[in-house]
Amino acid sequence: MGLETPPEAPDLKDRRTTVSHLNELLDNNRAWAKRRAHDDPEFFARLTHQQTPEYLWIGCSDSRVPANEIVGLLPGELFVHRNVANLVVHTDLNCLSVLQYAVDVLRVRHIILCGHYRCGGVTAAVQQRPLGLIDNWLRHLEDIATKHAPHLPTDESGRIARLGELNVLEQALNTCRTTIVQDAWRRGQDLRVHGVIYDIADGLLQEIGFGAGRDEDVMPMYERALEFITQRETSS
Ligand code: ZN
């Protein structure tokens, strides 16, 4: 009596699928590295030295908003922090560490706070849809909705779009208010904080009217941008 082949464990099958998917990515990577080295033979040699990006990008983790690609910057040109709904929370050690390293060590000259329309995080906050642990993170968006309740349209898609814009403004303000940016400005460092929003529907970035390069400009800029946002037609 021969031994029966045990049925294949389902997780083994899953693992094999995962490996083959990963192989595809590794193949893509080899092709990309080859192309890059062909176009610019010194490219990787240059990157092995210290990076000197001029920009810090704080954006959403959404896979449709690839930071470098949409602003046409190469590896080495953009320092990036991403999280769900592009939040700058005053107690988030991860975000603050990225910010501190970018400002104090890399000496970036611009911080770009980028939100986007059709953001899943913003949508969940507006719809109050329970998604699990992340609901705690999205409470920050609900706080913004409460703060700006009179500025939010009544229809749902309008609310989602407007809250996305207001979120960019509030996160740009939070960035300006960190000790990191405040200290940089106090010592006269050249550093500007900008707010932009990306539209997945057409691939375009739009300014929200906020750009501050010193502490005295922050609140006037905030008021100006708030007026700009609330008086324009809601997009998307
Ligand atoms: Zn998003």
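The values are calculated or read from the model by the stated rules, or taken from the named source; none is laboratory data. Nothing here was measured: the structure is a model prediction, and the numbers come from that model. Note that each Cβ is placed from the backbone with ideal geometry, even for glycine, and that neighbours are counted across all protein chains shown. All accessible areas refer to the heavy atoms of the entire protein, side chains included, with ligands and DNA or RNA removed. Shrake-Rupley method; radii C 1.70, N 1.55, O 1.52, S 1.80 Å.
Taking one equal scatterer on every alpha-carbon of the chain, how large is log10 of I(q)/I(0) by Debye at q = 0.14, 0.18 1/Å? For the requested q values the scattering log ratios are -0.97, -1.33.
Highest mean first, how do 101-111, 68-78 rank when packing is the count of other Cβ atoms within 10 Å averaged over residues? All intermediate terms of the calculation are to be shown ahead of the outcome.
Values: 101-111: 17.6, 68-78: 13.8.
The peptides rank, most packed first, as 101-111, 68-78.
Working ranking of peptides 36-48, 88-100 by packing, defined as the average number of other Cβ atoms within 10 Å per residue, highest first, is 88-100, 36-48.
Near Arg187, once Lys and Arg are set to +1 and Asp and Glu to -1 for all other residues with Cβ below 13 Å from its Cβ, the sum equals -1. Counting Lys and Arg as +1 and Asp and Glu as -1, what is the net charge of the other residues whose Cβ lies under 14 Å from the Cβ of Leu74? Taking every other residue near Leu74 into account, the sum is -3.
Taking K and R as +1 and D and E as -1, what net charge do the other residues with C-beta under 14 Å from the C-beta of Ala201 add up to? Show your work: numbers first, answer last.
Details: positive: Arg64, Arg118; negative: Asp62, Asp199, Asp202.
Here the charged neighbours net out to -1.
Accessible surface for the chain, divided over its residues, is 58 Å² per residue with a 1.4 Å probe. Using a Gaussian network model of the chain in which every pair of alpha carbons under 10 angstrom is joined by a spring, one finds that among Glu165, Glu24, Glu216 the greatest mean-square fluctuation is at Glu24. Calculated mean residue ellipticity, 222 nm, the chain: -15500 deg cm²/dmol, from DSSP H runs (n ≥ 4) at -39500 (n - 2.57) each, averaged per residue and rounded to 500. For segment 51-231, DSSP calls about 25 percent of its internal beta bridges antiparallel.
Angle of helix 215-231 to the longest C-alpha principal axis of the chain, folded into 0 to 90 degrees and rounded to 10: 80°. Assign one of three labels to segment 53-136, namely rounded, prolate or oblate, based on the Cα gyration tensor with a ≥ b ≥ c the square roots of its eigenvalues; rounded applies when a/c is under 1.5, prolate when it is not and a/b is larger than b/c, and oblate otherwise. Oblate.
Tell me the carbon and sulfur percent of the accessible area for the chain, rounded to whole percent, probe radius 1.4 Å. Looking at the chain in its full context, I get 54 percent from C and S. Could you point to the residue in Tyr55, Thr91, Ala37 farthest towards the positive end of the chain's charge dipole, with +1 and -1 charges on the Cβ of Lys/Arg and Asp/Glu respectively? Result: Ala37.
Computed about the Cα centre, the dipole magnitude for the chain is approximately 320 debye when only Lys and Arg (+1) and Asp and Glu (-1) carry charge, each at its Cβ.
Based on every Cα atom in segment 125-236, Rg and the maximum pairwise Cα distance Dmax equal 15.2, 46 Å.
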